[in-house]
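The values are calculated or read from the model by the stated rules, or taken from the named source; none is laboratory data. Fair warning: this is a prediction, and the values are worked out from it, not measured in the lab. Heads up, the Cβs are rebuilt from the backbone with ideal geometry, glycines too, and the neighbour counts pull from every protein chain shown. Accessible surface areas use protein heavy atoms only, side chains included; no ligands, DNA or RNA. Shrake-Rupley method; radii C 1.70, N 1.55, O 1.52, S 1.80 Å.
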Amino acid sequence: RVSFSVSGFGGRYYTPFNPSPMLMGGFRATAGYELTDWLGVRGWGQYVFYEGDEKRNPHMLLNPFYNHTSVGGAFEFKITEDFRIGVGIEYEYNPIERRMKPRFMFYPAGKIGNFQLGR
C-alpha cells in the first residue's frame with residue numbers, strides 16, 4: 001500500500017546554444033499511498049542544479065525537455081486492475097519570474113502488457 005523511491009541523475013550536455021559541456025545534476029523522490037481499493041495519493045519532488053553560467057541561459061532553463069526543480073501531488077483513481085487516471089498539480093520553478101509556477105495535470109497511469117504508463 002505504500003511506495004517510496006529516491007534517485008539521482010547527472011550528466012553533461014551539448015546544445016547549439018551551448019557548445020561547451022556543462023554539468024547538470026539533481027535528485028528526485030516519489031511517495032505513494034493507496035487510501036482505498038480505488039483511490040491512491042502520490043507526491044513527488046525534484047531538485048536540479050546547473051553548473052556555471054547556465055543559471056542565466058534561458059535556452060536551458062526554460063526548455064521543457066530539460067529537468068527543472070519541481071514539486072507536486074496527485075490523486076489516482078483506479079479504473080481497472082491495470083489502468084488508473086491521475087489528477088493533480090505540479091509546481092515548477094521559473095527562474096525568470098523567480099517563483100514556482102503551477103501546472104495542472106490529468107494523466108493515464110498503469111500497465112498495458114509490459115509497458116508502464118505514468119509515474
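In plain terms, if you count all Cα to Cα distances in the chain and split them into 5 Å steps from zero, the share in each step is 2, 10, 17, 19, 16, 13, 11, 7, 3, 1, 0 percent.
Residue-wise HN-Hα couplings along the stretch 28-44, as the Karplus relation 6.51 cos²θ - 1.76 cosθ + 1.60 with θ = phi - 60° gives them from phi, are 9, 9, 9, 9, x, 8, 8, 6, 9, 5, 10, 9, x, 10, 9, x, 8 Hz; Gly and Pro carry x. Measuring nothing but how far apart in sequence close Cα pairs (under 8 Å, 6+ apart) lie, relative to its length, the chain scores a relative contact order of 16 percent. The phi torsions of the stretch 71-79, fed into the Karplus equation with coefficients 6.51, -1.76 and 1.60 and a -60° offset, translate into couplings of 8, x, x, 7, 9, 10, 9, 7, 8 Hz, rounded to whole numbers, with Gly and Pro shown as x. Amide H to amide H, with H built 1.01 Å from N, Thr69 comes under 5 Å of Val48, Tyr93, counting only residues 5 or more places away or on other chains.
Show me the chymotrypsin sites (Phe, Trp or Tyr not before Pro) within the stretch 59-119 that DSSP assigns to loop and that have at most 14 other Cβ atoms within 10 Å of their Cβ. In loop regions of the stretch 59-119 (DSSP not H, G, I, E or B), the sparsely surrounded chymotrypsin sites (Phe, Trp or Tyr not before Pro) are Phe65. 3J(HN,Hα) along the stretch 80-87, derived from phi through the Karplus expression 6.51 cos²θ - 1.76 cosθ + 1.60 where θ = phi - 60°, amounts to 10, 4, 10, 9, 10, 10, x, 9 Hz, with x in place of Gly and Pro.
Would you kindly state the longest site-free stretch of the chain, with sites defined as GluC sites (Glu not before Pro) in a DSSP loop (not H, G, I, E, B) surrounded by at most 15 other Cβ atoms within 10 Å? Spell out each step's value before the answer.
Values: sites that count: Glu51, Glu81, Glu97.
Longest run free of exposed loop sites: 1-50.
Rolling a 1.4 Å probe over the protein heavy atoms gives the chain an accessible area of 68 Å² per residue. Database remark: amide H of Ile79 closer than 5 angstrom to the amide H of Arg84, Ile85 (H placed geometrically; neighbours at sequence offset of 5 or more, or on other chains; Pro and chain starts carry no H).
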